[in-house]
C-alpha cells in the first residue's frame with residue numbers, strides 16, 4: 001500500500017508509537033475520536049485476543065484488521081480473510097472449516113478451510129453478523145477449544161488461530177432478534193473496537209482527500225497541485241453515508257474529470273448532498289440528471305446488480321439501501337440493465 005506523499009507526523013499527535021508506521025497501513029487520521037481507536041489498535045495488537053471491529057460500511061474495518069495483524073507476533077504469516085456476506089449460507093461451514101471428498105454434492109475432492117489455512121496466523125471474518133446458525137455453533141467451538149472438524153469427517157483437528165471479526169450490524173439487536181448467539185458474541189467481542197463514521201471525524205477529511213488524490217494521480221500518471229478551496233469545503237460539509245470508501249470513490253472520479261492543476265469535485269458526484277449547494281431549480285435538475293447518469297452507468301457496469309461486492313452500490317461507494325431508494329425516487333428500471341446476462 002502506497003505511503004502518503006505528505007508527512008503528517010509533524011502535525012499529528014503521536015499515539016503510542018502508532019504514528020511511526022501507520023502510513024504503511026494506509027491509515028490516515030488525527031481526529032480525537034479516531035486517535036482513541038488507534039490507541040486500542042496499538043494496545044491489542046501484541047496480544048492474541050479476539051477482536052470485534054464494528055462500524056458503518058466503508059469506515060475501514062479491514063484496514064484496521066490488517067494493521068492489528070501487521071503489528072502482531074503472527075505477522076510473518078499472511079492474514080486469511082473470509083467475507084461471510086459474499087458466501088452462500090449452505091457453503092459457509094465448508095469455506096471456514098473445509099470438507100472431505102464426497103461430503104456433499106459437488107465436493108469432488110478434499111478441501112482445507114479458512115480456519116485451518118490460518119493456523120499460526122490471523123483469520124479475518126468480515127460481516128460476521130451474516131454467519132448462519134449452524135456455522136455459529138462450529139465457530140464458537142473453534143474459538144473456545146481451538147478444535148474443529150471438516151465436513152464429512154469425524155476427525156477432530158486443532159489450529160492455533162487468532163480471529164478478528166468485523167460487522168456493520170448491531171449484533172446486540174441481532175441477538176435480541178434471535179439471529180445471533182449471545183455466547184458467540186461474547187467470545188468475539190473480547191476486545192471491541194468501534195470505528196467512527198467519517199461525519200464524526202470531519203477534521204480528517206482534508207488529509208484523507210489528499211491521500212486518495214496522491215494515489216489516484218499516481219495511477220493516472222498525472223500531477224495535481226492540490227484540491228481547490230470550494231471543492232474542499234464541499235467535501236467537508238458533505239455527510240458521507242458511504243464513509244471513507246465513498247470519499248475515495250469521489251476523489252478518483254474527480255481526478256478523471258478534472259483538467260486543471262487543482263482537483264475540482266463536481267457537485268453531482270455527491271449523490272446525497274444536503275444543504276451545502278443552493279437548491280435552485282436549475283441546479284437541482286442538473287444534480288438529478290448527473291445522479292441518474294452515474295447510477296445508470298454503475299447499473300450497466302454491474303449488469304443490474306445493486307448488492308454484493310460487484311454491485312452498483314459498491315461501485316458508487318454508497319450503502320445499497322441508499323442506492324435502492326435513489327433508484328425508486330428516480331424511477332430507474334434496474335432490470336433493464338440485466339439484458340446482457342447470458
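Looking at the range 249-261 only, could you name the residues that are without any contact (Cβ under 8 Å) to a residue 24 or more places away in the chain and either surrounded by 22 or more Cβ atoms within 10 Å (Cβ to Cβ) or part of a helix (DSSP H, G or I) (or both)?
Residues satisfying the conditions are 253, 254, 257.
Would you be able to say whether some residue in the range 133-151 is surrounded by fewer than 16 Cβ atoms within 10 Å (Cβ to Cβ), at pLDDT below 95 and under 24 Å from the mean Cα position of the chain (by Cα)?
Taking every residue of the range 133-151 in turn, at least one turns out to be surrounded by fewer than 16 Cβ atoms within 10 Å (Cβ to Cβ), at pLDDT below 95 and under 24 Å from the mean Cα position of the chain (by Cα).
Taking the stated definitions as given, is residue 254 in contact with a strand residue (DSSP E or B) (Cβ under 6 Å, 6 or more places away or on another chain), modelled with pLDDT of 90 or more and farther than 21 Å from residue 55 by Cβ?
Working: in contact with a strand residue (DSSP E or B) (Cβ under 6 Å, 6 or more places away or on another chain): yes; modelled with pLDDT of 90 or more: yes; farther than 21 Å from residue 55 by Cβ: yes.
Here the answer is yes, as residue 254 does meet what is asked.
This table checks each residue for (1) assigned by TED's automatic domain parsing to the domain that holds residue 69; (2) out of contact with any helix residue (DSSP H, G or I) (no Cβ under 7 Å at 6 or more places or on another chain); (3) over 18 Å from residue 99 (Cα atoms); (4) touching a residue at least 60 places away in the same chain (Cβ under 8 Å).
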residue: 137; (1), (2), (3), (4): yes, yes, no, no
residue: 140; (1), (2), (3), (4): yes, no, yes, no
residue: 145; (1), (2), (3), (4): yes, yes, yes, no
residue: 156; (1), (2), (3), (4): yes, yes, no, no
residue: 172; (1), (2), (3), (4): yes, yes, yes, no
residue: 177; (1), (2), (3), (4): yes, yes, yes, no
residue: 184; (1), (2), (3), (4): yes, no, yes, no
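Given (1) loosely packed, with under 15 Cβ neighbours inside 10 Å; (2) in contact (Cβ under 8 Å) with a residue 40 or more places away in the chain; (3) over 23 Å from the mean Cα position of the chain (by Cα), where does residue 106 come up short, assuming only one miss?
(2)
Condition (residue is touching a helix residue (DSSP H, G or I) at 6+ places or on another chain (Cβ under 7 Å), buried (at least 16 other Cβ atoms within 10 Å of the Cβ) and closer than 19 Å to residue 53 by Cβ) applied to the range 220-231: is it met by at least one residue?
The answer is no; no qualifying residue exists.
Does residue 122 fit the bill of being in contact with a strand residue (DSSP E or B) (Cβ under 6 Å, 6 or more places away or on another chain) and in contact (Cβ under 8 Å) with a residue 24 or more places away in the chain? Give the derivation first.
Numbers: in contact with a strand residue (DSSP E or B) (Cβ under 6 Å, 6 or more places away or on another chain): yes; in contact (Cβ under 8 Å) with a residue 24 or more places away in the chain: yes.
The answer is yes for residue 122.
Can residue 265 be described as closer than 20 Å to residue 56 by Cα and at pLDDT 85 or above?
no
Name the residues in the range 203-240 that are without any contact (Cβ under 8 Å) to a residue 60 or more places away in the chain and closer than 14 Å to residue 28 by Cα, would you?
Within the range 203-240, 205, 206, 209, 212, 213 qualify.
Kindly indicate whether any position in the range 57-70 is farther than 29 Å from residue 320 by Cα, outside the structural domain of residue 206 (by TED's automatic domain parsing) and outside any loop (DSSP other than H, G, I, E, B).
Start the filter on the range 57-70 by keeping residues that are farther than 29 Å from residue 320 by Cα, which leaves 69-70.
With outside the structural domain of residue 206 (by TED's automatic domain parsing) added as a condition, the list becomes 69-70.
Applying the additional criterion that residues be outside any loop (DSSP other than H, G, I, E, B) yields 69-70.
Checked against the condition, which is being farther than 29 Å from residue 320 by Cα, outside the structural domain of residue 206 (by TED's automatic domain parsing) and outside any loop (DSSP other than H, G, I, E, B), the range 57-70 yields at least one hit.
So, of the residues in the range 235-248 that are assigned to a helix (DSSP H, G or I) and in contact with a helix residue (DSSP H, G or I) (Cβ under 7 Å, 6 or more places away or on another chain), which turns out to be surrounded by the fewest Cβ atoms within 10 Å (Cβ to Cβ)?
Let us first name the residues in the range 235-248 that are assigned to a helix (DSSP H, G or I), namely 235-237, 243-248.
Checking the rest, the ones that are also in contact with a helix residue (DSSP H, G or I) (Cβ under 7 Å, 6 or more places away or on another chain) come to 235-236, 243-244, 247-248.
Details: 235: 23, 236: 14, 243: 25, 244: 26, 247: 22, 248: 20.
Here the residue is 236.
Could you please find all residues in the range 218-228 being under 17 Å from residue 269 (Cβ atoms) and outside any strand (DSSP E or B)? Break it down into steps so the answer makes sense when it comes.
Here is the first cut: in the range 218-228, the ones under 17 Å from residue 269 (Cβ atoms) are 220, 224, 227-228.
Hits for the range 218-228 are 220, 224, 228.
The values are calculated or read from the model by the stated rules, or taken from the named source; none is laboratory data. Note that the coordinates shown come from a computational prediction; the quantities given were computed from them, not determined experimentally. Using ideal geometry, Cβ is built from the backbone for each residue, glycine included, and neighbour counts are taken over all protein chains shown.
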